[in-house]
1. Give me the extension gain from SER24 to LEU326: residue separation times 0.36 nm, minus the current Cα-Cα distance, reported in nm with one decimal.
2. Using the Cβ atoms and a cut-off under 13 Å, what net charge is assigned to the surroundings of ASP499, where Lys and Arg are +1 and Asp and Glu are -1?
3. Provide the net charge surrounding VAL221, with neighbours chosen by a C-beta distance below 12 Å and charges set as Lys +1, Arg +1, Asp -1, Glu -1.
4. Set the Förster distance to 41 Å, then compute FRET efficiency between ASP86 and HIS247 from the Cβ-Cβ distance, nearest 0.05.
5. Please give the contour-minus-distance gain from ALA113 to GLU384: 0.36 nm per residue of separation, less the Cα-Cα distance, rounded to one decimal in nm.
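Read-outs: derived from the displayed coordinates by stated rules, not from any lab. Everything quoted here is computed from the prediction, not taken from an experiment. Cβ sites come from the backbone with ideal geometry, for glycine too, and all protein chains shown count toward neighbours.
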Amino acid sequence: MKLAAALAIPLVALLVVTLVEVVSISRQVDEIHDETQLARAAVGPSGLITRLQDERTWAAVELVGSEQYGIWARTPDYAQSRAATDEAITSFREEITRRGDAAVEAYAPALDALEGIAQIRADIDGNRANHPDWHTSANRAFADPMYIRYTELIRPFFDATDAVILSIDDPELRRGAELVNVTSRHIELFSDMARHALISGSLDGGITTREQIDAAVGRMVAWQEGSGTLARAEAPYDRVVAQHYPHEFMAAFTQMYDSEIRGQTFELGQLFAPLQEPESGGLQGFRVALAREVNAVADDLSASAATRERMFLALALTALVLGVLLAWLVSRSITRPLRSLTAQAKEMARHRLPAAVLDVLHTPLGEDVRVPQVAPVAVTARDEVSEVASALNRVQDTALDLAVEQAVLRRNIADSFVNLGRRNQNLLVRQLDFITSLETVETDPDSLSNLFRLDHLATRMRRNAESLLVLAGIEPPRQWAAPVRISDVVRASLGEVEDYQRVAVRGVEPATILGSAASDLAHLLAELIENALTFSPPDMAVDIRGRTTAGGGYTLGVIDGGQGMAIDAIDAANRRLAGQESFTVAPSKYLGHYVAGNLAARHGIGLRLAPSTGGRGVTATVDLPAELIHRDALEPPSGGGHWSAQLGAGGGGGLPRAGGVQGLPVAGGVQGLPGAGGVQGLPGAGGMRGLPA
């Protein structure tokens, strides 16, 4: 997600830039569309202007009877000319509305001026109906003003077209619209020049006055300027000029008008000839061709702009998709090895490395410690992820090396324990043998009592030496081949503790265990009894109880009423008794826990501590599995249930309240065992509760 957030910044920037460019391109497309609409609007009035010119020409011909001179208009009557004009006005209004507000605003004055055409038509109709000289040359006084009034309706369209052309930014479109407008003006100028040439040069006796000459020269200059503009049109309109421009007609009309200005006279038929040329000598066809070319250029621009917009949108979308895809691929190329690294690191931390370390630490004594083969962390990346994988592999190797070193250290410690334990054991065995020999020949009661006390101390010291061997994992040197009664095991354990006189054996049901476990069980009970005695008040007895369980096993309980233990301390002690911690990482005062735990683990004996009933003191429970009970000698239990349900009540609840087991008093000492003091500092000589070992 962090990588996606980081990559989102350039992607958002790309998206913003893309949107800005799309908006810009769209704006450009709209502008081009507006310009093409303006260009079409600029060439649009040509049809309306042509219809107005046709209506004007028909009126001029009919009012003075020009057909008598051979001059004919293209429209057959007033009705058709006016209907064509009205249709052209309606079509142009609709077209201008489609071209946009700029075109409507530009042509509004010209279209508003067309409202006056109705009055012109009414005046013409009144002249036809009431003037006696209608349809004769004598009607020129009325016809000439009518011609000028029509011209005043046409010229605003030229001016509006000029304003529209100025709004076109594209040079090709603007140049095409200008050429169409120049052609329209040229057609209008041609009609005006031909009419004045006919009237002044023929009907009025020629161009003679200063005013007539100046007006004729002005028209000639405008004519030549417009003709030059059209003839020199640039691409793409030059091909229209080459195909449709009436060069011969333009040259002939120019020469004739120029000659008339110079005073040359012509026959009436020569002056009528230009007026009889179809489509004004080809200028109207040329204007139509130019308009088609302008529309074609506008279509190309619109299509090009639309194509460019589509292409940019496609490119922008492609770039965005590629950006997202690239970001996803980059993210995937990083996250895939990271996920693989995470999974392998978890597997290494949770399973592979702990299993390998335990395998190393659990190397049996006497065997060489070997480094196990552990699969390394492997990733396909070659960047920092690979470096992290290499670092994890180094951590794994270092952990294994440390485990090997710890295993070697533990083996060395165990060897030291074995060495010290066996040395002490040999010396203590010799000492006990020597004390026993002294006891057999001693007759003095006081001396014999001292020898018994010495014997007891040596026995306790022997247990401490055996504890070293237990921590080292060495099997006990003292084992019985035959089954041993539970009472004898308890008697042996009492012989290895100090202050055994305070131990009360209450309700220990008869049972027999295998001889292979008797020595370890006695040692284990001695550790528990020593612990209970150490942390009980001097005037309070420690109870030992035992009974057969329903599953065929046997349960012993060592119950004291001492100061007790906190729940956390009991939980920690039970972990050590269960073998879940190594004694090499614990303070030496807890070694008694590990001795008892190792002894219990050898034979599958359950061992745990719990608060005594009533909340005072601690109860140590020893659960012997059925495999340790000698079946032939096992008597059936006298009652069901577990002894722990009866603890703290002095042996009630179905458990027998025996006075002792095999000569052991209820609250007294063992016969022949003096109440000597203990040896401190070794497991078994101290307690397990906080706790001196």
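1. 106.1 nm
2. Working: positive: ARG453, ARG460, ARG502; negative: GLU496, GLU498, GLU530, ASP539, ASP560.
Around ASP499, the charge tally is -2.
3. Residues near VAL221 contribute -2 overall.
4. Working from the Cβ atoms, E equals 0.70.
5. Additional length available on full extension: 89.3 nm.
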